[in-house]
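To keep things clear, I will list the structure first and then write my remarks on it.
The values are calculated or read from the model by the stated rules, or taken from the named source; none is laboratory data. Everything numeric here is computed off the predicted structure, so don't read it as measured data. So basically every Cβ, Gly included, is an ideal-geometry build from the backbone, and we count neighbours across all protein chains shown.
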Amino acid sequence: MIHRFDAIVLGAGAAGLMCAIEAGKRGRRVAVLEHADRIGKKILISGGGRCNFTNLHCRPENFLSANPHFAKSALARYTPADFLALVEKHHIPYHEKTLGQLFCDRSARDITGMLEQECHAAGVAIFLNGRPREVRRTTEYIVSTGEIEFHAPVLVVATGGLSIPKIGATGFGYDVARQFGLAVRECRPALAPLILSAADRKRYCDLAGVSADVITSYGDQHFRGGMLFTHRGISGPSILQISSYWKKPAPIAIDLAPGRDVTEIVRSATHSRNLAAARSAFRDALPVRLADRWLDLHAPRNWTNRDLADLEQRTHRWEIVPEETEGYEKAEVTAGGIDTAELSAKTMECRKAPGLFFVGEVVDVTGQLGGFNFQWAWASGFCAGTSL
Ligand SMILES: Cc1cc2nc3c(=O)[nH]c(=O)nc-3n(C[C@H](O)[C@H](O)[C@H](O)COP(=O)(O)OP(=O)(O)OC[C@H]3O[C@@H](n4cnc5c(N)ncnc54)[C@H](O)[C@@H]3O)c2cc1C
């Protein structure tokens, strides 16, 4: 059986749905092919079930890409305010959590419901449980799902990245890119928890569940926020952020007590320079179990000014070489992807293959934590959709 449309969109995630809605509003007959049994599964699990759908302070600097300028045009054309206007049109209650991060008050289902309604209003046809087996190009693009063939002059690939395979992530988009001779930048898990080395796991991982406010650093990137010990390593917002930049086998640095002079009180006491005084000072600055462990491992032998200065410095620059990230099973996103040099920054269309578009996470544009990945998905989807 053959279905003919003006555009085929592969993937009913954030970017694919936004693209389909915009193209549908322009009168294009759009088919969205999704291999899962429902749309927007990643939206549903995002932001702890409340979907951090955008960030009010979204800037190009919040993204990683081999070409840091590529995302500028799309981000300027479709802004957080544009998406917010859509959310408000649907009377979805939301709140700002911190640093411009906007979350649903109720549930991420509000966002998928909104996208579904918009698709319906724009006449978009969504085909669920349809796994595309093959993509061909004759005078148009042909996607076959076995018994059904979809034909259209335009194909938009919005199949996302590799993270969380158990809810349907596949590398299909990268395969289509390679099939058409496009360069794909090496993919890696990003916004992922880190696994510590065997030696550090022994030292720290029984602290699983303990969290602290820290600054993580790698190169010229610094992130302040929570760090959480896990059974295999470290996680929490500041660790997820730095993981996107970290390259094995370089160390990352962690400031365990930002802005505090922890040993000052010990240094200024000439009579009680001892472990008990240090314990009390560190317990004041860090969670008790972490403070005690830190001193078990790093307390100076003597209590000279120099020893205390060393301890202070080490507390603000704990250098660790993680063994690995937790991988795609736990990463929020995939860094790398379709080389942006292959795409028009205005429309997301391939230069080498007219009519072929890539939008969202499958492209080599990766947001930091905080609603930026969805903003990229909306913006890139919008730019493609309005050019069809
Ligand atoms: C646990 C978690 C929490 C997150 N929280 C946030 C957050 O709060 N804020 C934020 O900005 N970002 C968050 N992200 C990242 C965000 O979800 C993604 O960056 C975003 O969903 C990317 O949109 P996309 O449309 O490109 O891809 P996706 O949303 O992944 O959509 C791709 C779609 O394509 C489908 N697909 C895949 N392969 C095929 C195939 N072969 N055939 C047909 N269909 C296929 C998939 O099933 C999926 O529906 C989170 C990610 C995770 C994993």
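Of note:
- Among the residues of the stretch 186-223, the one identified as among the basic types (Lys, Arg) and within 17 Å of the chain's Cα centre (by Cα) is Arg188.
- Breaking point among (1) near the ligand (Cβ under 8 Å from one of its atoms); (2) outside any helix (DSSP H, G or I), for Trp376: (2)
- Residues of the stretch 101-125 that are over 26 Å from the mean Cα position of the chain (by Cα) and among the aliphatic types (A, V, I, L, M): Ala121, Ala122, Val124, Ala125.
- Qualifying residues in the stretch 43-70 (those that are among the small types (Gly, Ala, Ser) and either within 8 Å of the ligand (Cβ to nearest atom) or free of Cβ contacts under 8 Å to residues at least 24 places away in the same chain (or both)) - the one farthest from Gly367 (Cα to Cα): Gly48
- Top-ranked residue in the stretch 327-353 [being out of contact with any helix residue (DSSP H, G or I) (no Cβ under 8 Å at 6 or more places or on another chain) and over 11 Å from Arg188 (Cα atoms); ranked as nearest to the ligand (Cβ to nearest atom)]: Lys330
- Failed condition for Arg279, given (1) buried (at least 16 other Cβ atoms within 10 Å of the Cβ); (2) at pLDDT below 95; (3) out of contact with any Phe, Trp or Tyr (no Cβ under 9 Å at 6 or more places or on another chain): (2)
- Only one of the listed residues (Ala281, Ala291, Ala277) is over 27 Å from Thr230 (Cα atoms) and among the hydrophobic types (A, V, I, L, M, F, W, C). That residue is Ala277.
- Residue match in the stretch 249-271 (condition: β-branched (Val, Ile, Thr) and free of Cβ contacts under 8 Å to residues at least 12 places away in the same chain): yes
- Being part of a loop (DSSP other than H, G, I, E, B), in contact (Cβ under 8 Å) with a residue 24 or more places away in the chain and hydrophobic (A, V, I, L, M, F, W, C) is a description that applies to Ala192.
- Output for the stretch 280-310, where each listed residue is under 35 Å from the mean Cα position of the chain (by Cα), aliphatic (A, V, I, L, M) and part of a loop (DSSP other than H, G, I, E, B): Leu286
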